[in-house]
1. Averaged per residue, what accessible area in Å² does the stretch B:58-310 show with a 1.4 Å probe, protein chains only?
2. Please report the relative contact order for the stretch A:333-491, taking Cα pairs under 8 Å with a sequence separation of at least 6, and give it as a percent rounded to a whole number.
3. Using a 1.4 angstrom probe on the protein heavy atoms only, line up A:L261, B:L96, A:L134 by accessible area, largest first.
4. What dipole magnitude, in Debye to the nearest 20, does the stretch A:333-491 give about its Cα centre under +1 on Lys/Arg Cβ and -1 on Asp/Glu Cβ?
5. Which of the residues in the stretch B:69-84 lose at least 40 Å² of accessible area when you go from the chain alone to all protein chains together (probe 1.4 Å)?
6. So what is the accessible area of the stretch A:333-491 per residue, in Å², with the probe set to 1.4 Å?
7. Taking 35 Å as R0, compute the FRET efficiency from the Cβ-Cβ separation of A:H122 and A:V287 and round it to 0.05.
8. Work out the P(r) tail for chain A: percent of alpha carbon pairs separated by more than 33 Å, whole number.
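The values are calculated or read from the model by the stated rules, or taken from the named source; none is laboratory data. The model shown is predicted, which means the values in this text are computed figures rather than measured ones. Methodologically, a virtual Cβ is constructed for each residue, glycine included, from the backbone with ideal geometry; neighbour enumeration extends over all protein chains shown. With ligands, DNA and RNA removed, areas are computed over all heavy atoms of the protein, side chains included. Shrake-Rupley method; radii C 1.70, N 1.55, O 1.52, S 1.80 Å.
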Amino acid sequence: MQFIKTRFNYLFNSTKGLILVAIAMVAVVTAVFGMLSGPMAEMGVREVVIKALGMDIVQAEREGRIIILYHSIAMAIVAIEVYMINGLLKIKPFFKTAVNAIITVGYLTTMIFGMGFAYFGHNWAFHGLYIFGLSLIFFAGVLLCIALWPWNKEYHVTDKDYAHTKSGLDLERTAFFATAVTTVISALFGAVPGSFFGNGFEVFLAENIIRLPEKTTMEYSVIGHLHIMLALICIMITLIIGRWLNFKGGWHKAAMPLMILGTIVLNLGVWGVVTPLEPIAHMIIYVGATPSMLAALFLLIWSWGKLIREGTANIARPTFGQKLRALLRDPLRFGPTWQMLFMNFTTSGIGIFMAVRLDEIFRVWPAREERIELTGHWHVLSAIVATIILFYYGDMIGLKGRVRQWYGWLIIVLSDIAFASVTAFEMKRLFITEAEQQPLVNGLMYAIDFGLGMLLVLLAVVMVWRLIDLFKNKGRWTEEQTHELAQEVNQ
Amino acid sequence: MRSLLNIMSLRAKRSNLLARWDCFVAVLLAMTMLASCAPVDLNAPMPVFDTRIDPDTWAQIPAGEFHFGQHEDVETTDAYEIMITDVTTAQYADFLNAALADGYVQLDGEQLVGFYPGDEFRGVKHEEKIEAGDWIFIPLNDPSQRVKFNGTSFTVQPGYENHPMTMVSWFGAWGYCGYYDWRLPTELEWEKAGRGADERPFPWGDEIARENANFYSSRDPFEDMSSFGSRTSPVGFYNGQKYGDYQTLASASPYGLYDMAGNVWQWTGDVYDGMHYRFMRGGSKDTYDMDLRLWVRNNATPTYYSPGVGFRCAR
């Protein structure tokens, strides 16, 4: 009994344990449900999985299933970010315990009962519990906003290295707060139409209505919701990575006001799609996205500079090669910002290119081609966030030496092979005709499957290792139970 | 000292192994990329089958209500007739020969054009003007075009006679139907003909098997996913017949229409206010099974043509 109690206490009462559980849940859901579509379906794996697990799915309900699947995975990611915030920032113990407990019950309820409802017959009690889980996460979000309240003098800073106002208001905490508050509000933009459309009785996927010139307010709300929630998850992980790396100095002072401004304006733009501001909403979104991305760029410049400085500290006049080696010597600290840069080629760059040449190129193609670009680029963006979480996770579980190098570089190389291939797949019509595309499609699919498949294998190895560790009396988990993320922030 | 040497030798062996593994992966990726650049033989031999389905047959669709769209809205149509198959390449070639002779279509460089009276332009965002004038019906020299022009008449590439006419723009589909005083079916008519009176997602029922329709990687006798990919199948192919070793399932719609799911997307006739896009239904040889559900819509500019888009007419 004591054996179970101590492990349970680690898994559900420590930041690192909670993160481990959430990563494991996402890994299992991704591995199992990823086999139901794409190449796995082509190879016949889909049918085997459906039979083996006793799934009860019908074609007519695909959209609803996918929406529940997206939400289940996204809620676990949101939970991981919340655990990280609670572990990194000063939060009162009551709030920390309450928020962690509520969001854990929330995402597990959402995931277990949502997926149970969607894929294993329609038990409506499960659907109710799925909605209840989402509501708990919303409530945890509200509590987190209260806990983050940056105007509380306890959280004021005086250290000149960190962005703050004259009165001591911590601008980084304010950025966290702004992101949390806007996330909670933006969640409503999904909840309201969700209720309006009858809890999913009239589901639709945004990519399927993108070309219709007239959309209802509720349809705009759903489109706005899915865009802003992913953007906010990205902004939050950028802030988290900044805190983990101990982002400070001039770049920090420049970045934090931009992050706050960008987050607020970006949200106003997205919320504007359900108001008479809809015609200029995109312009407001661009205005908001620019400072946010600039702030992320400042983090990148600062962190790369720091890595180079630290790596060449013992060299009087480092050469370019020495600087490069210093930059790349720790893939776990280099990885997150590299992925943010890489994102510009796979997501932001593609988005801007599409926006600029929409009518000349993309809208000449059939809607189904445009759908590939739309779904492709936000899948890549989501997966980039996942890899950034894995870099941080690798560091927080104390990977060192050769294992750290292999773990970090495999994530970078494998994911980037996959993401670059997805991007080429999205854009293939620019350089190959439909009739001649098959060999290229095959090659890209092999590269995507290789990258993502091996990444999942790597994740499985880590998860099995952590599982074995849990059976040891003095395993790594015993140390992790007491170490908080804030203690391990890079100095 | 010896143990240190042992450790060093072990490490050297390990890094040697890792370097080899790196090389192996790099070579594998390079080979994959090279294979991706392989040329595609668009005229690879095509199996020829007689489906015993007459493409000149029309189905009678009664007036009345039916379930339309994903959310089962109840809609109504008048009675109409619709072709039981897509228009074939042979039918289209016959049309072109007649239409060229009486000036209904003209040669314009590498394409065949015909007159379209234009649409009302409302200036909605992303809307483009479709003015009265000559618009492309089909491209002539595209390697995927199965209707060939020898300078005086149109013929069909052997083996493709009973395949659906593809590489035809919306104007080309509209022109074909109009030439015979028919028309393209509206989306309502198209879906009703495919679905019948109930709420089924596929013309034959609730679920889809590989032998029901020609879709992406459905392993039909016409596809080779390692080279040219998926190709069209003869119209009415999925009728329960056995072709060599390949047994199809009877997959006609409740009103007896074939290929209402898969094979080629089908242009429909609606022209909607504020947009120039034309809508297609049915999914195709190039789409996954989810796009073969009867309510799924696709759209493109009316000048778009593709090896995966065809049409049928209504009257």
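1. On a per-residue basis, 35 Å².
2. After rounding, I find 24 percent.
3. A:L261, A:L134, B:L96
4. For the stretch A:333-491, the charge dipole is close to 500 debye.
5. B:Q70, B:H71
6. Details: 6520 Å² over 159 residues.
With all protein chains present, the stretch A:333-491 gives 41 Å² per residue.
7. My answer for the efficiency is 0.20.
8. 39 percent
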